[in-house]
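Reviewing the structure listed below.
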Amino acid sequence: MADSSDSVSIDMEALSLGGQEHLVETTYGPVCVAVCGDPDKPALITYPDIGLNYMFCFQGLLFCPEASSLLLHNFCIYHISPLGHELGAPIISVDAPLLSADDLADQIVEVLNFFGLGAVMCMGVTAGAYILTLFAMKYRQRVLGLILVSPLCQAPSWSEWLCNKVMSNLLYYYGTCGVVKELLLKRYFSKEVRGNGQVPESDIVQECRRLLCERQSTNVWRFLEAINGRVDLSEGLRKLQCRTLIFIGENSAYHSEAVHMTTKLDRRYGALVEVQGSGSLVSEEQPQAMVIPMEYFLMGYGLYRPTQSVSPRSPLSPTRISPELLSPENMGLKLKPIKTRLAL
């Protein structure tokens with residue numbers, strides 16, 4: 001994965017739009033893919049959570065200068081939207097068959113083939129993390145590594161299945177009503193940013209609430225149905241040979257799920273980062289917490305984040321990161337030590 005240029009210029013306005021959008025026709029229906037960066041560079045594909053798209057799931061991360069320089073210096077990013085989740089998406093016809101998680105994973109292969117991509121790096125959030133993990137298990141030669149935020153890997157528990165069914169019925173019959181919004185916001189964010197009677201909602205939650213109003217409710221219902229019918233991947237995780245970096249918010253509803261997934265991965269390839277004070281959507285709530293772990297993770301591939309003090313053709317070495325920068329106080333974050341089964 002050689003770098004194709006020595007520096008990266010970031011146009012924040014273009015970045016906020018995700019680059020050029022393509023509508024890719026697949027066996028399972030058209031899927032919107034936004035391409036951001038130099039197509040000659042290695043590919044990083046992203047997949048968002050239910051009800052979201054790339055502009056919300058990963059905008060906070062890519063607006064973080066350290067993260068954007070790290071990712072855009074090394075990758076061309078292909079943001080894959082679930083069917084009907086892109087901005088301005090029409091309602092999917094009622095005659096269109098419901099897709100399973102397997103179908104969505106298979107659809108990714110057709111997207112890669114459309115762009116002529118070989119093996120790719122993957123980054124997904126919760127439901128999107130499940131789809132990408134399943135994709136990696138089915139098509140091992142097409143995946144270089146996984147960066148997963150609050151991932152799912154088991155079949156739904158009874159409580160999650162019931163909650164999803166309630167949301168599914170509400171979405172189908174009443175649209176994205178207030179109850180659905182509250183359940184989804186609880187899925188994404190910690191209590192601190194959701195606010196309460198005394199503390200107002202944070203800007204990020206208010207923006208997400210507006211975004212959910214723009215979603216076609218039946219399209220969200222289709223993705224939710226696919227994820228609620230997912231199967232347990234635990235037994236197959238041990239055979240997953242690609243490196244895997246997992247981020248989980250301390251207050252995420254899927255905290256135990258991420259820990260379980262880490263225990264099932266081969267100890268040589270998996271690492272877990274727990275971020276204090278964050279919900280599931282770490283890439284929006286605490287994007288700065290992802291930077292240094294991702295730097296170390298990508299070093300294993302000979303990749304680096306360009307800085308003035310580092311030769312652009314030399315991979316970043318651990319000694320070039322000042323130990324003081326790793327302290328939670330200097331990072332401005334409440335970050336627990338990185339928990340790994342083996343250092344990456």
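The values are calculated or read from the model by the stated rules, or taken from the named source; none is laboratory data. These figures come from a predicted structure and were not determined experimentally. So basically every Cβ, Gly included, is an ideal-geometry build from the backbone, and we count neighbours across all protein chains shown. For the accessible areas, the whole protein counts, side chains as well, though only heavy atoms, and no ligand, DNA or RNA atoms are used. Shrake-Rupley method; radii C 1.70, N 1.55, O 1.52, S 1.80 Å.
Key figures
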quantity: Unique match (being farther than 17 Å from ALA226 by Cβ and assigned to a strand (DSSP E or B)) among ALA67, ALA34; calculated: ALA34
quantity: PHE223 vs. criteria touching a residue at least 12 places away in the same chain (Cβ under 8 Å), of a type outside the set (A, V, I, L, M) and touching a Pro at 6+ places or on another chain (Cβ under 6 Å); calculated: yes
quantity: Residue match in region 195-214 (condition: out of contact with any helix residue (DSSP H, G or I) (no Cβ under 8 Å at 6 or more places or on another chain), touching a residue at least 24 places away in the same chain (Cβ under 8 Å) and open to solvent by less than 30 Å² (accessible area, probe 1.4 Å)); calculated: no
quantity: Test: PHE114 is surrounded by fewer than 17 Cβ atoms within 10 Å (Cβ to Cβ) and either hydroxyl-bearing (Ser, Thr, Tyr) or within 17 Å of the chain's Cα centre (by Cα) (or both); calculated: no
quantity: Residue satisfying condition, being more than 16 Å from the chain's Cα centre (by Cα) and either on the phi < 0 side of the Ramachandran plot or at pLDDT below 95 (or both), within set LEU272, LEU265, LEU245; calculated: LEU265
quantity: Where a residue in region 285-304 is under 17 Å from ILE248 (Cα atoms) and its partner, wherever it lies, is of a type in the set (Ser, Thr, Tyr) and open to solvent by less than 30 Å² (accessible area, probe 1.4 Å), with Cβ under 7 Å and at least six apart; calculated: GLU285/SER190; GLU285/SER278; GLN286/SER278; MET290/SER283
quantity: Residue in region 72-90 that is farthest from THR218 (Cα to Cα), counting only those that are aliphatic (A, V, I, L, M), touching a helix residue (DSSP H, G or I) at 6+ places or on another chain (Cβ under 7 Å) and not in a loop (DSSP other than H, G, I, E, B); calculated: ILE77
quantity: Single unsatisfied condition, PHE114 versus (1) touching a His at 6+ places or on another chain (Cβ under 9 Å); (2) part of a loop (DSSP other than H, G, I, E, B); calculated: (2)
quantity: Qualifying helices (runs of 4 or more DSSP H) (wholly inside region 216-316; at least 2 residues being within 30 Å of LEU83 (Cβ to Cβ) and open to solvent by 50 Å² or more (accessible area, probe 1.4 Å)); calculated: 255-264
